[in-house]
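Asker: Once you've had a glance at the structure underneath, I'll fire off some questions.
Read-outs throughout are calculated quantities, based only on the coordinates presented, and are distinct from any laboratory measurement. Treat the numbers as computed from the prediction; the structure is a model and nothing was measured. Using ideal geometry, Cβ is built from the backbone for each residue, glycine included, and neighbour counts are taken over all protein chains shown.
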Amino acid sequence: MGGRPSSPLDKRQQQHLRGQVDTMLRDFLPCYREQLAASVLRQISRELGPQEPAGCQLMRSKKLPRVREHQGPLTQLWGHPPRWQPIFCVLRGDGRLEWFSHREEYENGGHPLSSVALTGYTVLTSQRDYLCLLDALCPVPSGEHTQEEPEPLLEMPVNFPLFLQHPFRRHLCFSAATGEARRAWRLALQGGIRLRGTVLQRSQAPAARAFLDALRLYRQRRGHFGEDDVTLGSDAEVLTGVLMRELLPALRAQTLPGLRGASRNRAWAWTELLDAVHAAVLAGASAGLRAFQPEKDELLAALEKTIRPDVDQILQLRARVARRLRGEVEGPLETCLRGRVDTQLSRVTQKLLSTVEAVLSTVQTLLAQGMDRLSRHLRGSPSSTRLRKEVYSFGEMPWDSELMHACYREAERSQKRLGQLVAPFGFFGTRSLVFGAQDLAQQLMADAVATFLQLADQCLTAALDCTQAAQQLEKVRGRVLKKFQSDSSSARRRFIRGWLLCIFLPFVLSQLKSSCKAELPEFEGEVLAVGSPALTIEGIYEDIVRGVLLQRIHGELKKALGVSDMSCTLDGCSEAPWDPTGADEETEAQRGTCPRQPGSGAEVQPLCSRPPPGTSTAASRPHLSSFPSDK
């Protein structure tokens with residue numbers, strides 16, 4: 001499509017972008033160091049505090065999150081000038097898309113024509129919707145008339161299109177041969193996009209939590225208190241997205257007036273320029289974070305040595321300052337909550353509850369159907385080859401995009417209504433929220449499948465015939481469903497509580513900025529006197545606000561779920577205050593997921609990988625997939 005700049009970025013522009021990245025890192029890294037120190041203090045205080053018994057019933061799957069590799073022929077609009085050309089596409093298990101000139105090149109180990117990490121992309125399957133999107137990117141200025149140029153997208157209507165759109169990258173335009181092939185690709189690509197997007201949210205490393213907290217602090221100090229989808233991606237990709245949002249207004253003002261041609265040609269040229277800028281910023285952010293890695297490792301080791309001996313003193317001071325500061329902020333905070341939050345908290349809670357319940361109910365249905373299918377095959381005296389295939393398929397259920405789509409669709413159905421409810425509070429991260437619900441569904445399914453296979457292997461012996469084995473599987477089925485119901489109930493509470501905090505905490509902090517933050521310098525001296533980077537007056541202040549907001553959320557959850565379903569503690573709230581005077585604690589490893597119970601001697605087997613020939617799980621406990629049929 002015409003209007004492409006001969007050289008997207010010259011040396012002067014590249015140098016300017018490097019300077020912009022360096023400036024961002026100089027401002028961000030102090031926030032990161034501060035939050036790394038806070039994460040070490042949090043971790044040590046939890047280790048030394050009372051240990052809550054593990055609340056998860058299901059065994060933790062050892063399978064890493066992934067997407068099932070998908071491959072096949074497609075047609076792609078590419079080249080200069082662009083034209084539709086046949087290619088062979090491969091979606092890797094880590095969510096990277098590659099394409100080759102033909103299948104043989106891929107099978108012979110050749111290099112791909114190109115590849116892309118799917119972070120931040122959106123899949124469109126309507127040619128009309130995509131053309132409307134192009135029209136909106138570069139609208140023709142009022143009063144300007146241009147002669148429309150021929151466009152491949154219009155000359156050759158696409159029957160089964162797949163458009164990958166990104167706010168800061170070149171668009172990718174594909175076409176499948178059939179509707180079935182397009183659906184399979186759409187589901188696979190959406191899985192890859194989610195996998196790449198939630199890497200930080202899924203991580204249980206303290207440094208990942210510190211990074212996200214640092215990013216929020218960095219943006220708040222620049223006046224941005226709302227939540228959005230900027231945190232989707234790796235650390236370098238997240239920082240790139242933040243800077244691209246800051247650069248976008250100037251880029252538009254400087255570039256769009258100079259683009260010539262039809263509106264869609266100009267839009268195509270605009271996306272190519274954005275892609276070049278994005279690549280330069282991403283390279284700079286990646287290099288900067290790599291350069292910071294040795295310092296981060298040394299800092300974490302030094303913080304551990306300095307904080308641990310003085311942790312009691314640090315926490316006592318923190319509690320003393322928090323009590324005094326709470327007296328100053330309690331009045332304005334209560335006024336804000338009553339006037340701005342309480343009226344909508346119930347509606348948002350109910351919508352989140354209905355969303356996650358629909359998702360988890362579908363997971364349970366699919367899980368039960370999968371276990372029933374295995375029992376039927378075993379009872380029907382199948383061949384060992386057929387049974388092995390069925391066991392493998394059962395083990396792959398969490399990664400089967402077609403099967404799991406029923407769960408994922410339940411989360412997507414609520415996205416628009418949730419967006420309308422939470423937009424007044426500056427929350428525009430509904431895509432992240434939907435991804436979080438889908439990740440939760442996949443993780444619970446993976447844990448339940450791993451638990452079923454492990455328990456099945458323990459109860460099946462060579463002395464059982466197929467009917468007896470099927471009866472044993474029925475008992476295992478009941479045990480797994482009870483464990484699933486227990487874990488899904490806890491996960492539901494954690495999910496709702498965590499997202500209510502994400503929605504309302506930044507809003508409350510923004511409302512209190514003018515009235516309460518002015519009081520903080522009065523307490524700064526006491527905190528600085530300790531000389532620990534793990535304590536900041538701003539951090540203590542936010543924990544106070546968070547704790548009071550959590551009390552509101554806990555009360556709302558009691559009403560929504562009932563007292564009997566709330567257990568005895570606010571389990572699993574990763575955003576809860578972590579000091580001795582705070583409430584609603586959880587360990588870092590409980591953030592959104594449940595670890596395997598500590599001290600358990602049971603090892604979780606890989607999800608139904610086909611056992612090597614001639615091997616068995618144990619002498620008297622054959623693997624389920626090798627259980628003999630009746631003769």
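Asker: Applying a 10 Å radius around every beta-carbon, put 516-527, 473-484, 35-46 in order of their mean neighbour count, most first.
Answerer: Values: 516-527: 14.7, 473-484: 17.9, 35-46: 22.1.
The most tightly packed comes first, giving 35-46, 473-484, 516-527.
Asker: What is the calculated FRET efficiency for residue 459 to residue 485, with r their C-beta to C-beta distance and R₀ = 22 Å, to the nearest 0.05? Before the final figure, lay out each step's value.
Answerer: Working: r = 20 Å, r/R0 = 0.93.
For residue 459 and residue 485, the calculated efficiency is 0.60.
Asker: With only Lys, Arg, Asp and Glu charged, each at its Cβ (+1 for the first two, -1 for the last two), find how big the charge dipole of segment 15-129 is about the Cα centre; round to the nearest 20 debye.
Answerer: Details: 15 positive and 12 negative charges, 45 e Å.
Here the size comes out at about 220 debye.
Asker: For a quick protection proxy, order the peptides 411-419, 446-454 by their average other-Cβ count within 10 Å, most packed first. Write down the numbers at each step before the final one.
Answerer: Details: 411-419: 16.7, 446-454: 25.0.
Top of the packing list down: 446-454, 411-419.
Asker: I'd like the distance separating the alpha-carbon centroids of segment 291-344 and segment 54-93, in whole Å.
Answerer: 41
Asker: Once fully extended, how much extra length lies between residue 416 and residue 471, figured as 0.36 nm per residue of separation less the alpha-carbon to alpha-carbon distance?
Answerer: Working: separation 55, 0.36 × 55 = 19.80 nm, distance 4.51 nm.
Here the segment from residue 416 to residue 471 would lengthen by 15.3 nm.
Asker: Excluding residue 66 itself, calculate the net charge of residues whose Cβ lies under 13 Å from the Cβ of residue 66, where each Lys or Arg counts +1 and each Asp or Glu counts -1. Mind showing how you got there, number by number?
Answerer: Values: positive: 62, 63, 68, 92, 96, 194, 196, 202; negative: 69, 94, 396, 400, 439.
The answer is +3.
Asker: Then there is this: Quick one: 3J(HN,Hα) in Hz for segment 406-422, Karplus 6.51/-1.76/1.60 with θ = phi - 60°, rounded, Gly and Pro as x.
Answerer: Taking θ as phi minus 60°, the curve returns 4, 6, 4, 5, 4, 5, 5, 4, 8, 4, 5, 5, 4, x, 5, 5, 9 Hz for segment 406-422.
Asker: Something else now. Which lysines does residue 305 reach when only Cα atoms under 27 Å apart count, and residues fewer than 8 places away in its own chain are ignored?
Answerer: Output for residue 305: 296.
Asker: Now for a different question. In sequence order, what are the phi-derived ³J(HN,Hα) couplings for segment 506-521 according to the Karplus relation 6.51 cos²θ - 1.76 cosθ + 1.60 with θ = phi - 60°, rounded to whole Hz, with x for glycine and proline?
Answerer: x, 5, 4, 4, 5, 5, 8, 4, 6, 8, 9, 5, 5, 7, 5, x
Asker: Sequence neighbours fewer than 8 away in the same chain don't count; with that in mind, list the lysines whose C-alpha is under 28 Å from residue 389.
Answerer: 62, 63, 475, 482, 483, 631
Asker: Right, another one. Treating only the Cα positions of segment 77-122 as identical point scatterers, give the base-10 log of I(q)/I(0) from the Debye formula at each q in 0.24, 0.29, 0.33 Å⁻¹.
Answerer: For the requested q values the scattering log ratios are -0.93, -1.08, -1.15.
Asker: Could you list which residues have their amide H under 5 Å from that of residue 428, counting only those 5 or more apart in sequence or on another chain, with H placed in the peptide plane?
Answerer: 227, 228
Asker: Kindly provide the GluC sites (Glu not before Pro) of segment 25-69 that DSSP labels as loop, not H, G, I, E or B, and whose Cβ sees at most 14 other Cβ atoms within 10 Å. List each step's numbers first, then the result.
Answerer: Working: sites: 34, 47, 69; in loops: 69.
Filter output for segment 25-69: 69.
Asker: Let me ask something else. Around residue 433, what is the net charge, scoring Lys/Arg as +1 and Asp/Glu as -1 over all other residues with Cβ under 10 Å from its Cβ?
Answerer: Numbers: positive: 431; negative: 227, 229.
Around residue 433, the surrounding residues sum to -1.
Asker: Moving on to the next point. Taking amide H positions as placed 1.01 Å from N in the peptide plane, with prolines and chain starts having none, which residues 5 or more places from residue 114, or on another chain, fall under 5 Å of its amide H?
Answerer: Hits under the 5 Å cutoff: 99.
Asker: Taking square-rooted eigenvalues a ≥ b ≥ c of the alpha carbon gyration tensor, is segment 376-517 rounded, prolate or oblate, where a/c under 1.5 means rounded and, failing that, a/b exceeding b/c means prolate?
Answerer: On the way: a/c = 4.57, a/b = 2.79, b/c = 1.64.
Prolate is the answer for segment 376-517, as a/c is 1.5 or above and a/b outweighs b/c.
Asker: Taking the Cα centre of segment 228-367 as the origin and placing charges on Cβ (Lys, Arg +1; Asp, Glu -1), which of 313, 250, 294 is farthest toward the positive end of the dipole?
Answerer: Most positive-ward Cα: 250.
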